[in-house]
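All of the numbers you see were taken from the coordinates with simple rules; none came from a lab. Please read all numbers here as calculations on a predicted model, not as lab measurements. So basically every Cβ, Gly included, is an ideal-geometry build from the backbone, and we count neighbours across all protein chains shown.
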Amino acid sequence: MTDVTTETVLSIRELSIALPKGADRALAVEGVSYEVMRGEIMCVVGESGSGKSMAANAIMGLLPKGVNATQGEVLFEGQDLLALSEKQHRTLRGLKIGMIFQEPMTALNPLMRVGAQIAEVFEAHDQLTPKERQARALELLIEVGIPQPEKAIRAYPFELSGGQRQRVMIAMALALEPTLLIADEPTTALDVTTQAQILALIRDLQQRRGMAVMFITHDFGVVAEIASRVCVMRHGKIVELGDARSVLKNPQDAYTQALIAAIPSNAVPPHRDIGQVAPLLEIKRLQKVFRSRGGWFKPAREVHALNDVSLTLARGETVGIVGESGSGKSTLGRCVVRLEHPDSGELLLDGVNLSQLKGDALRRERHRVQMIFQDPYASLNPRTKVGMAIAQGPIANGTPKAAALKRAGELLDMVGLGASAVERYPHEFSGGQRQRIGIARALALDPELIVADEAVSALDVSIQAQVLELLEELKQRLSLSLLFITHDLRVAAQLCDRIVVMQHGRIIEQGSAEQIFLAPREAYTQDLLDAIPGREAPVAATA
Amino acid sequence: MSFFARFAQNRGALVGLVILLLMIAMAVLAPVLFPESPWRMVQRPFLPPFSQEGFLLGTDTMGRNVAAGLMHGAWVSLLIGLVSTCVALLIGVPLGAIAGYYGGLVDDALMRFTEFFQTIPNFALAIVLVAIMQPSVTSIVLAIAIVSWPPVARLVRAEFMSLRNREYVEAARLVGQSNSTIILRQILPNTLSPIIVLASLMVATAILLESALSFLGLGDPNVMSWGYMIGAARTVIRQAWWLSFFPGLAILLTVLALNLVGEGLDDALNPKLSRER
């Protein structure tokens, strides 16, 4: 990735793209110029709404209705892409420019076999005979490293894992050997270890084929891992453009500095001494099995989401549950708050067994354990005012309405939104603000334990840092006990006293954050640590 | 912003409301403007509209005043449309909500019960019910309500099933809200849009169903309705177009007005839309 030649593949000059009236700003992209050379990976970095994907959409001729390029040009092999007709664009797409999307499940046709979908790419450009297409599809699948390619070619997308699907997408994008590959957040929906594999694959393919890659991401860790050059965008403008190493090591712009500083650090967390306190939460041999009913031709499926999980959490302690998707970490959290009913085992909260409570008895105990949800957009009722959303809990537990609403105002003040937010509806707030509302709601009942399920993973890095800071502050101030569920070891390291690593429904390792980072005992934990993007990069040092 | 101000932002809804109020005014003013029974024969039959003073819309096959029929008929048609829809909602919404929220056996039982009604053709069932109960306004309202609640229950159930696992519902469960509070406060408000749209269409269908019933001679023999007027004019549609045209127009306008009002209500109740405008 260092052999940067001077041949320009794509050159964007003074590009401006106008948003439709009534959008939050007039131009999605404003006077942006950058180039992508042959044989380099150009990373376009920015937070949501920075306009980082817009230029890519303009290149592909995929701008949404009502959004138009108003100025500038996009030169690809001497042609101005903005001036092309839809038909000319279509011949270019796939053939010369390949694209990978964020969500491999929705980007693939669920009712079509993988092989047929790859063959379709050739068909669209009238290349090869049907037989050759299948043969090429197989070669491509082998090239992108899918296990058992002969089987995968006959598989439907739902039969593949997220990482395998993304490999299929890459195979499709590479089918016609394009000179430019555009990857729009291709690893955001994937687990860390899978992300590391896909990044390695993209880098490897890029070097082997000498392609130009335009890689759009929000994650500076990924940038450190893969980029040769970086273009940092904010509010539709470029704030910094340059060689990846120099930008990461020595960012000039204040915004870039802030973004890099906001990355959860890789620095080993400091040792925190909790001392010997009586456990608040004791989980003993918790079991949960999900069964899908079998049909006539398929056997019933059993998934051991929780397999003999035991764990303790002391008062005032923050325990991080880390694992990849399917590890059972969310099920554990949902069992602790009793949104799921565990099959067996005990959940002792201050000596009271919550695991077998039902109906009204359960409802009376619910206030003791609260939850902060992952998706700040789905976790607030769109038709309930924010104040009421927070006050509902206390009201349901017998507090008079006026007092509960007053308390809601105080809580909103505490999470930094101001008491005036009480009278507003959720849609008037941004994702980070909504997450603060979610935190206020969880605090409203003065719970003994709060479960945070991926509470910051849907947020931009800078917002994520703010919310984590808020949690840290609240933790100090209210001496909260927190069960923090996350897929991101970096985030866990920042906040947690102790870390529990889960895989396939079992706890495979637990220890202090320091110990997990410095001396992981299990190979899987080591894998997780190694997969953190940008770990060996200078990022760790600056943060 | 007040509820009405938000409602009035939708121009179409305002137009719909005006038409609806006019229809209601017609119904209310009918006994004042036409104190005589609309069934009375007052002129020679087949008098075309706008041809003689006092008979603006002409007369029908028996020499009855069409304008008087139209105004008296407004009362019955609107009453039947609105009341039967309310009754249908009162049956359908709770059933659908309970089935969708609780799922499992409760759902199975309630849905089989619903299917029982759905397997019988609507109109046939309505005819049978009215015939058994003797034609009267009450029996017609009941019959129409009984045949039109199953789609409501189905719709509400589907909405509840998709909403019951939303995170905000789980959050409500977590803070200890009771099932009934969750159903009424958390989920039901979010199902209002489709219910309102369906309800406004149901009023229209109810008016049409009543028309069809009276067309078959199963209307309340003591009251004039738009449906009866169209039914009676069927055989002479080529000689006297106005006999079916004016009641038909009245039905069309009412249905249109209800749809517009429904849409406006939906917008006004949706906090997101009302503030963005």
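Whole Å is fine, so just give me how far the alpha carbon centre of region A:413-490 lies from that of region B:174-198.
25 Å
Chain B: longest stretch without exposed GluC sites (Glu not before Pro) (DSSP loop, at most 14 other Cβ within 10 Å), sites themselves excluded?
My reading of the result: B:54-277 is the longest stretch.
Over chain B, what is the relative contact order in whole percent, taking alpha-carbon pairs under 8 Å and six or more residues apart? It would help to have the intermediate numbers written out before the result.
Working: 408 pairs, mean separation 75.2, N = 277.
About 27 percent, as a whole number.
Shape verdict for region A:418-485, please, from the Cα gyration tensor: rounded (a/c under 1.5), prolate (a/b greater than b/c) or oblate. Working shown, then result.
On the way: a/c = 1.80, a/b = 1.22, b/c = 1.48.
Cα axes put region A:418-485 in the oblate bin.
Rounded, prolate or oblate: which fits region B:1-158 when a ≥ b ≥ c are the square roots of the eigenvalues of the alpha-carbon gyration tensor, with rounded for a/c under 1.5 and prolate only if a/b beats b/c?
It comes out oblate by the Cα gyration axes.
I'd like the antiparallel share, as a percent to the nearest 5, of DSSP beta bridges with both residues in region A:337-483.
25 percent
Compute the distance in nm between two label points, each set 7 Å from the Cα along the Cα-to-Cβ direction, one at A:L518 and one at B:E115.
6.5 nm
Can you list the DSSP H helices in chain A whose Cα atoms extend at least 15 Å along the helix axis and whose mean Kyte-Doolittle hydropathy is 0.0 or higher?
Length and hydropathy pass: A:114-124, A:162-174, A:386-396, A:401-414, A:461-478.
Quickly estimate the mean residue ellipticity at 222 nm for chain A, helices only: each DSSP H run with n ≥ 4 gives -39500 (n - 2.57), and the total goes over all residues, rounded to 500. Don't jump to the answer; show the numbers that get you there.
Numbers: 21 runs with 199 residues, N = 543.
After summing the helix terms and dividing by the residues of chain A, the value is -10500 deg cm²/dmol.
Grab the other residues whose beta carbon is less than 15 angstrom from that of B:G73, score K and R as +1, D and E as -1, and report the net.
Taking every other residue near B:G73 into account, the sum is -2.
Please give me the summed charge of the neighbours of A:E77: other residues whose Cβ is under 11 Å from its Cβ, Lys and Arg +1, Asp and Glu -1.
After counting each charged neighbour, the total is 0.
Once you place label points 7 Å from the Cα toward the Cβ at A:T129 and B:C86, how far apart are they in nm?
7.6 nm
Where in region B:79-101 does the label zone of B:A158 land, with the point 7 angstrom along Cα→C-beta and an amide N cut-off under 16 Å?
It comes to B:93, B:96-97, B:99-101, nothing else.
With respect to the cross-link table entries A:K406/B:K272; A:K21/A:K401; A:K65/B:K272; A:K288/A:K406, which display a Cα-Cα separation exceeding 31 Å?
On the way: A:K406/B:K272 24 Å; A:K21/A:K401 41 Å; A:K65/B:K272 22 Å; A:K288/A:K406 40 Å.
In this structure, A:K21/A:K401; A:K288/A:K406 exceed 31 Å between Cα atoms.
For Cα pairs less than 8 Å apart in space and 6+ apart in sequence, what is the mean separation divided by the residue count of region B:115-177, i.e. the relative contact order in percent?
Details: 23 pairs, mean separation 18.0, N = 63.
This gives 29 percent for region B:115-177.
Can you give the extra length, in nm with one decimal, that the chain gains between B:F4 and B:Q43 once fully stretched, where that is 0.36 nm per residue apart less the Cα-Cα distance?
9.5 nm
Go ahead and collect, in residue order, the members of region A:339-379 whose backbone nitrogen is under 20 Å from a label point 7 Å along the Cα-Cβ direction of A:R315.
A:347-354, A:365-370
Can you grab the distance from the C-alpha centre of region A:68-115 to the C-alpha centre of region B:111-138, Å, no decimals?
Region A:68-115 and region B:111-138 have Cα centres spaced 57 Å from each other.
Arrange the following residues from fewest to most other Cβ atoms within 10 Å of their Cβ: B:S139, B:S2, A:S48.
The fewest-first ordering by Cβ neighbours comes to B:S2, A:S48, B:S139.
Run through the DSSP bridge list for chain A and note the antiparallel percent, rounded to the nearest 5.
In chain A, DSSP labels about 55 percent of beta bridges as antiparallel.
List every residue whose amide H lies under 5 Å from the amide H of A:V9, counting only residues 5 or more places away in sequence or on a different chain, with H placed 1.01 Å from N in the peptide plane.
Amide H neighbours of A:V9: A:V36, A:M37, A:R38.
Express in whole angstrom the spacing between the alpha-carbon centres of region A:342-373 and region A:118-163.
A separation of 49 Å, based on Cα centres.
Please list, ordered by chain and number, the residues whose modelled amide H lies under 5 Å from the amide H of B:Q52; skip anything fewer than 5 residues away on the same chain.
For B:Q52, no residues qualify.
What is the extension gain from A:V303 to A:E120, computed as 0.36 nm multiplied by their sequence separation minus the C-alpha to C-alpha distance, in nm to one decimal? Intermediate values should be presented prior to the final figure.
Values: separation 183, 0.36 × 183 = 65.88 nm, distance 3.52 nm.
Gain on extension, A:V303 to A:E120, equals 62.4 nm.
If each of A:Q148 and A:T8 carries a label point 7 Å out from its Cα toward its Cβ, how far apart are those two points in nm?
In this crude label model, A:Q148 to A:T8 measures out at 4.9 nm.
How big is the equivalent ellipsoid of region A:107-207 along its three axes, where each semi-axis is √(5λ) from the Cα gyration tensor, reported in whole Å from largest to smallest?
Semi-axis lengths for region A:107-207 are 21, 16, 12 Å.
Where does the charge balance sit around A:R363 when Lys and Arg score +1, Asp and Glu -1, over other residues with C-beta under 13 Å from its C-beta?
Charge balance near A:R363 sits at +4.
Give the long-range amide H neighbours of A:G328: residues separated by 5 or more places, or on another chain, with amide H under 5 Å away, using H modelled in the peptide plane at 1.01 Å from N.
A:G505
Output the Kirkwood hydrodynamic radius of the protein assembly as shown, Cα pairs only, in Å rounded to one decimal.
Working: mean 1/r = 0.0319 Å⁻¹.
Averaging 1/r across every pair of different Cα atoms and inverting gives 31.4 Å.
What relative contact order, as a whole-number percentage, does chain A give when Cα pairs under 8 Å and 6 or more residues apart are counted?
It comes to 16 percent, rounded to a whole number.
Tell me the trypsin sites (Lys or Arg not before Pro) within region A:143-236 that lie in a loop according to DSSP and have at most 15 other beta-carbon atoms within 10 Å. Mind showing how you got there, number by number?
Working: sites: A:K151, A:R154, A:R165, A:R167, A:R203, A:R208, A:R209, A:R229, A:R234; in loops: A:R154.
For trypsin sites (Lys or Arg not before Pro) across region A:143-236 that sit outside H, G, I, E and B with at most 15 neighbouring Cβ atoms in 10 Å, the list reads A:R154.
Can you tell me the alpha carbon radius of gyration of region B:196-243 divided by the globular rule-of-thumb value 2.2 N^0.38 Å?
Taking N as the residue count of region B:196-243, the ratio is 1.30.
What is the ratio of the Cα radius of gyration of region A:23-124 to 2.2 N^0.38 Å, with N the residue count, to two decimals?
Taking N as the residue count of region A:23-124, the ratio is 1.21.
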